[in-house]
Amino acid sequence: MAANRLAAVGQPDVSVTVVNPRPEFVERVRLHEHAAGVTKAVRPLSGLLHRDVRLRVATVGAIAERSVRLDDGGTLAFDYLLYAVGSTAARGLAGSENAWSIADLDGAELLRTRLRKLPAAARVLVIGGGLTGIESAAEIAYCYPSLKVELVSGSFAAWLPESSRVALERKLARAGVLLRTGLRVTGVRPDGVETDAGRLLPSDCTVWAGSFDVPDLARRSGLPVTDDGRLRTDETLVCVRHRRIVGAGDAVAPPGDVGDHLRMSCQAAMPMGAHGADTVLALIRGERPAPVSIGMVGQGISLGRRDGFIQATHRDDTPRRFVLSGRVAATVKERVCRFTVTAMRFPRAYRWLPGSNRQSPPRPQSDARGAFRGEGERGARTDQHHTGTVEAKTDTVEVKTDSVEAKGVSA
């Protein structure tokens with residue numbers, strides 16, 4: 001979104017480069033479908049990027065003052081860099097190597113292969129009571145009805161109203177998912193998971209759908225970060241100690257008054273990408289960037305291919321009373337998933353809902369409406385961890401995804 005929005009402006013003195021570890025775009029929000037064998041969550045980046053955006057397939061090893069070092073030994077210079085490395089699964093759990101993760105494509109591919117090899121009546125344990133865990137358990141149960149699917153977590157959809165939690169519990173039960181709540185997983189073994197109740201829950205395939213973490217690129221590069229490693233920015237998404245670096249997405253921490261309600265999700269990442277592009281353009285023009293203002297709309301949960309649940313929210317992401325359920329919700333969720341890809345092809349037309357009244361209003365051209373969506377532990381899932389590096393210079397701007405890099409060819 002950031003790269004395309006920058007390139008679509010058509011400024012002859014600005015060039016944009018996207019740096020990504022692979023030539024494909026990974027639809028992070030579809031990785032649970034990919035793992036279950038329902039669909040493929042990858043598509044060529046060449047079909048999504050603006051025709052004037054250059055793609056460099058590489059990974060950024062470090063960010064310097066005006067350049068980035070690549071894993072292939074190369075270096076890219078930049079005038080402005082957009083940092084959008086996203087998030088991935090946290091791996092602090094003992095024995096986590098014994099679990100399959102669906103936070104990235106490689107993990108989803110391995111899980112896809114494992115599920116296909118399981119015999120009938122095999123036990124699949126999904127760890128995590130957030131949106132990723134709920135969607136994953138439901139999708140696996142839908143695609144593999146002969147398997148015994150269990151969802152294990154200390155809590156279940158804890159951020160939702162009780163009525164919504166009860167409805168979700170019933171839907172999962174009808175889908176064939178056994179809920180085991182009130183249990184905290186303390187370790188994963190090849191044959192099952194250990195819990196704080198002191199007993200082993202047997203498992204033939206354990207899926208990790210717990211909390212998320214962010215890449216340590218910003219920390220390793222000496223940039224200002226929060227305790228959890230996210231890049232610290234001001235209210236305009238500019239890095240607090242590096243005015244040529246702009247952040248967007250899961251790996252960024254703007255001030256609380258504009259960003260506390262922004263959970264890891266496409267619903268937050270896409271507007272942040274668009275606003276980050278607008279911020280870079282303002283800096284190039286010598287203008288003062290506008291504060292970011294993003295309002296949330298709801299949480300969409302897919303429960304297999306024929307069922308779903310949508311919880312409407314206020315702009316600060318607190319639940320409203322309105323919900324959708326059943327096939328209608330499943331259809332809406334699928335439309336939203338498709339919109340996130342379509343919107344990237346029309347970046348200048350993309351609009352999103354501005355934040356609540358306590359937030360600073362966005363610039364007129366940036367304030368608008370967009371799609372909603374979210375997943376993950378408490379609703380976190382973004383499109384693959386992309387490191388967007390935007391570089392802009394009087395002569396070039398570069399944006400990268402999935403491994404941060406940027407380059408801006410100076411005039």
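No value in this document is a laboratory result; all are computed from the given coordinates. Computed from a predicted structure; not experimentally measured. Note: ideal-geometry Cβ built from the backbone for every residue, glycine included; neighbour counts use all protein chains shown.
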- [ ] Kindly express, to the nearest 10 degrees and within the range 0 to 90, the angle between helix 326-344's C-alpha long axis and the longest C-alpha principal axis of the chain.
- [x] 20
Open item on the list: Run the count for the chain, please: Lys pairs, Cα-Cα under 26 angstrom, 8 or more apart or on different chains.
Closed with: 10
TODO: Collect residues whose amide H, placed 1.01 Å from N in the peptide plane, falls under 5 Å from the amide H of Leu179; neighbours closer than 5 in sequence don't count.
DONE: Leu151
Open item on the list: Net charge around Ala167, counting only other residues with Cβ within less than 12 Å of its Cβ (Lys, Arg = +1; Asp, Glu = -1)?
Closed with: +1
Open item on the list: Compute the angle between helix 266-284 and the longest alpha-carbon principal axis of the chain, please, reported from 0 to 90 degrees and rounded to the nearest 10.
Closed with: 10
TODO: Mind checking the full-extension length gain between Arg51 and Val332? Use 0.36 nm per residue of separation minus the Cα-Cα distance, one decimal, nm.
DONE: 98.1 nm
Open item on the list: Charges on Cβ only, +1 for Lys and Arg, -1 for Asp and Glu, centred on the Cα centroid of the chain; of Val341, Leu105, Tyr83, which one is farthest towards the dipole's positive end?
Closed with: Val341
Open item on the list: For segment 98-138, what are Rg and Dmax over the alpha carbons, in angstrom?
Closed with: 10.5, 27
TODO: Work out the charge dipole of segment 256-331 with +1 on the Cβ of Lys and Arg and -1 on the Cβ of Asp and Glu about the Cα centre, then indicate which of Thr279, Phe322, Leu262 is farthest towards its positive end.
DONE: Phe322
Task: Electrostatic dipole magnitude of segment 164-300 [Cβ: Lys, Arg +1; Asp, Glu -1; Cα centre; debye, to 20] - done: 140
Open item on the list: Please report Rg (one decimal) and Dmax (integer) in Å for the Cα set of the chain.
Closed with: 20.8, 65
Open item on the list: 5 Å is the cut-off here: which amide hydrogens, built 1.01 Å from N in the peptide plane, fall below it relative to Thr313, excluding neighbours closer than 5 in sequence?
Closed with: Gly298, Gln299, Arg320
TODO: Give, rounded to the nearest 20 debye, the magnitude of the charge dipole that the chain has about its Cα centre when Lys and Arg contribute +1 at Cβ and Asp and Glu contribute -1 at Cβ.
DONE: 1060
- [ ] State the volume of the convex hull built on the alpha-carbon positions of segment 71-158, expressed per residue in Å³ and rounded to an integer.
- [x] 159
